[in-house]
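Here's the structure, in structure tokens; my notes come after.
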Amino acid sequence: MASPPAAGRPSYIGARLPRVEDERLAAGRHEYVADLKLPGMVELALVRSPHAHAKVAGIDTSQALASPGVLTAVAAGDLAGVSPVPDFFAWARPVATFPLARDRVRYVGAPVVAVVAADRYLAEDAAELVEVDYEELPAVASIQDALAPGAPTLYDGWPDNRMVDVPAGSPEVDDAFARAAQVVQGSYTTQRHTAVPMEPRAALAEYRRGRLTLWTTTQFPHICRSIVSGALGLAERDVRVLAPDLGGGFGCKAEIYPEEFLVAWLAIRLGRPVRFVEDRVEHLTAAAHSRDMLVELEAAFGQDGTITALRGSVVQDLGSEELYPPGFAMAFTAAGSITGPYRIPLQAVGVTAVVTNKTPSGAYRGFGLAEACFAMERLLDKAARELGTDPVSLRRGLLLRPAELPYATASGASIDSGSHLAAFDRVVELGRAELARRRPAAERNGRVRVGIGFANYVEGVVPSFYPSTGRWTAYDACRARIDPDGTVVVETGLQAMGQGLGMLVATVTAEAFGVPIAEVRVVTGDTDATPYGLGSWGSRSAAVFAGACLKAAAVLKDRGLAIASKLLEADVQDLTFEAGRFQLRGVGDRGLSWRQVAEVAYGRTFDLPEGVEPGLETVASYTPPGVEDLPRPDGKMNACATYTNSSHAAVVGVELDTGLVRVLAYFVTHDCGTVINPMLVEGQVQGGVAQGIGGALLEELRYDDHGQPLSITLADYLLPTATDVPTIGVEHFQSPAPEMPFGVKGAGEAGVAGPAPAIVAAVEDALRGMGLPEITRTPLTPPTLLRHLTRTTP
């Protein structure tokens, strides 16, 4: 579904164009929810559970209600008319998510009482006066606790703590293992961490003239409207959701949180605007956590060094999972992504997702892929050692070749195009050259050792949302309008959150309509002003918007051609559309601009051809082809429309005295099909790598054995800084997706999956010969590495 560039000007596709939104943000003309101030606005603070698991035996709000400036203090029993979020999933046990804890708290930070006062300071002071009588229960603090025989259950009516349990077995796989020349197995853990965007969560609600307006930090305004209106018993037409500027999302804002329901319900009851702004402690304890996954794998190798089958299990710690959408789809994504870009014909990988007394799990950039990539790449490094080969040769032998594409993976994904071997060969070349440059200085030092590691992965993009939500699929829409002055106004339910969406939408629109980017106006983040859309997640925005926009442009260009044919007194067949003009073929000076056509469409309508309605506006919907929302009878599923590929190389220096790992250089060869704007893709890749470095070396949400969080401030939860992230070299490969508009794929989650396996492999390479045991979990902090070195160094 490609669209050729308009004749008469270069194509915008592939041009290195600066982002249109940056000047406003850099000049401080942004508008975050925390910047909004409405007349009569009051503030919400929450009483949160100090216990990981306890019954709520009683609540006394009398002292809080008597506190200065307090308007109300409400518990779950006071939320008249509020319903739990429906459990849409036939394949998962229900949790009946509710804004406040009704009978039990299931994690430290669970909201128990909402207090509203004239300002946040008064609300927080009053919240401290609320008395809650808790009866503590045994905490389930880990995957092992959750699966232990006789473990306490978090939910009444559940026989155990398995929210999802899908075992996998295959006689074909078992037969392949029985005939294997060698079997390599490993167990790999990705630690619990979270997004930590620049802007924490915030929500503000106002109820006026029978309509609720909710300003909130969400990646999907229309889905938020649907869920909030349903829980509050309101018609969707009576709810407007606006998402102003978002200071980052990374998946943690692709959730509906208790505070969004609460500010809305309280605004209706109090008749005043109510706002909640999260602080960092609340973010680290109550916003969605992610990763926290154990992947156990074994690979059957043939005599020729190929993998004939893979089997194992993915086990995810969901926390209490009182969140919508729940996070268990990440475990399925991990299982479906496990073979990556490698030729592995068979797999049997089961999925188990358990609830524990931790903060609920939700979306985070790399959504299951990062965990799968870490496990698979670690297993390949281990296999190289056990098979007596080098990790580069082993990977080269397994990587898909162009002649094998499209390739159906063992899990059912259809890899339509890619540059898997070429991208890997190039990143190996770049990485080895840098290693050779760095090694002499390190060897002179004597107390620093340098190594290199590699990683490959395939990322499914433009996915169905049905596995995550149980309700929505993969489509999206745009509304396009030519204004009387010839400006193109395009409205989309996609959400900007710092990823350059405004520039992307303007570029695609300008290309589709043949106008300068300066003549495009982009509208997002308002359910009243945009057609129903599913928001920004899953590296989908470029493809779904381009598909919808090209369809809308085709409709309006046909209408424009009909108008121009009458004005130019020519048959439609004798007209062309070139560079934003309706042109008479072969007559260069006879043509009309969008503005001239719009003057008739809106003004001199008596000049319209018969049967052509006034105006130039349309709504187009686009569903990406090939996406499956549910598994087939054999359990296989192609959940994404297309697949990117990426290869990473990390060069690290390891200080033997301190255990400190420094990433000295990093290279990525990345293929997301046709690149619309190289600057945007490079930014996404580099940002993803920075987050991946944090996950590999620094970030961890730690809990003790009683479910108490130990990483509740940014002094305890370490993020990468500019000194931790090297210059990241990015090279683009372009294998257009044959069925996608412009051949695009997606890059929103690019970069994040490769760093952990590449960096850990580089550390093992640097310390080769020192007896270091296999590194099987992240983060690889200095104390962790020192413990390994202490055990292995005489």
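Things worth noting here:
- Rounded to the nearest 10 Å², the accessible area of H420 at probe 1.4 Å: 10
- Spherically averaged projected area in nm², based on the convex hull that wraps the Cα atoms of segment 338-397: 5.8
- Among G688, V47, L398 the positive-end extreme of the charge dipole of the chain (Cβ point charges): L398
- P(r) of segment 408-473 over all Cα-Cα pairs, binned every 5 Å from zero, in whole percent: 3, 12, 15, 13, 12, 10, 9, 9, 8, 6, 3, 1, 0
- Counting only heavy atoms of the protein chains and using a 1.4 Å probe, R521 has close to 130 Å² of accessible surface.
- Under 5 Å, built H, 5+ apart or other chain: amide partners of G109: S49, H51
- Span from the segment 548-584 Cα centroid across to the segment 227-247 one, whole angstrom: 39
- Derived from the Cα gyration tensor, the three semi-axes of the equivalent ellipsoid of segment 486-602 are 31, 13, 12 Å, largest first.
- 32 Å Cα-Cα threshold exceeded, pairs from K253/K636; K37/K745; K37/K557; K253/K557; K37/K253; K566/K745: K37/K745; K37/K557; K253/K557; K566/K745
- As a fraction of the 1.4 Å probe accessible area of the chain, surface on carbon and sulfur atoms comes out at 52 percent.
- Long-range amide H partners of G350 with built H, under 5 Å: A168, G312, S313, V314
- Segment 367-433: C-alpha gyration tensor shape, a/c 1.5 cut-off, then a/b vs b/c: oblate
- What the Cβ-Cβ distance of R702 and A403 gives, at R0 = 41 Å and to the nearest 0.05, is a FRET efficiency of 0.30.
- Dipole moment magnitude, nearest 20 debye, the chain about Cα centre, only Lys, Arg, Asp, Glu C-beta charged: 1200
- Count Lys and Arg as plus one, Asp and Glu as minus one, and take only other residues whose Cβ is under 15 Å from that of R777; the net charge is then -4.
- Between V523 and R662, the C-beta separation translates, for a Förster distance of 60 Å, into a calculated FRET efficiency of about 0.85.
- Among residues other than D607 with Cβ under 13 Å from its Cβ, the summed charge is -1 (Lys and Arg +1, Asp and Glu -1).
- Calculated accessible area for the chain comes out at 36 Å² per residue, all protein chains present (probe 1.4 Å; ligands, DNA, RNA ignored).
- Radius of gyration and Dmax over the Cα atoms of segment 186-310, both given in Å: 20.7, 74
- Contact order relative to length of segment 207-276, as percent, for alpha carbon pairs under 8 angstrom and 6 or more apart: 41
- The local environment of R365, defined by Cβ-Cβ distances under 14 Å, has a net charge of -2 under the rule Lys, Arg +1 and Asp, Glu -1.
- If you look at the Cα atoms of segment 22-111, you get an Rg and a Dmax of 18.4, 54 Å.
- 10 Å-binned pair-distance histogram of segment 694-794 (Cα, whole percent): 11, 31, 29, 18, 9, 1, 0
- Sequence-separation-based contact order of segment 321-462, relative, with Cα cut under 8 Å and 6+ spacing, percent: 28
- Gyration tensor (alpha-carbon) shape descriptor, segment 349-462, a/c threshold 1.5: oblate
- Computed accessible area, K636, all protein chains, 1.4 angstrom probe, square angstrom: 70
- Of the peptides 177-189, 196-208, 350-362, 713-725, the ranking by mean beta-carbon count within 10 Å, highest at the top, reads 350-362, 196-208, 177-189, 713-725.
- Helical mean residue ellipticity (222 nm; -39500 (n - 2.57) per DSSP H run of 4+; nearest 500) of the chain: -8500 deg cm²/dmol
- Span-like helix ranges in the chain, DSSP H, alpha carbon extent 27 angstrom or more, Kyte mean at least -0.5: 541-567, 678-697
The values are calculated or read from the model by the stated rules, or taken from the named source; none is laboratory data. This is a predicted model, so every value here is computed, not measured. Cβ sites come from the backbone with ideal geometry, for glycine too, and all protein chains shown count toward neighbours. Calculation scope for accessible area: heavy atoms of the full protein, side chains included, ligands and nucleic acids excluded. Shrake-Rupley method; radii C 1.70, N 1.55, O 1.52, S 1.80 Å.
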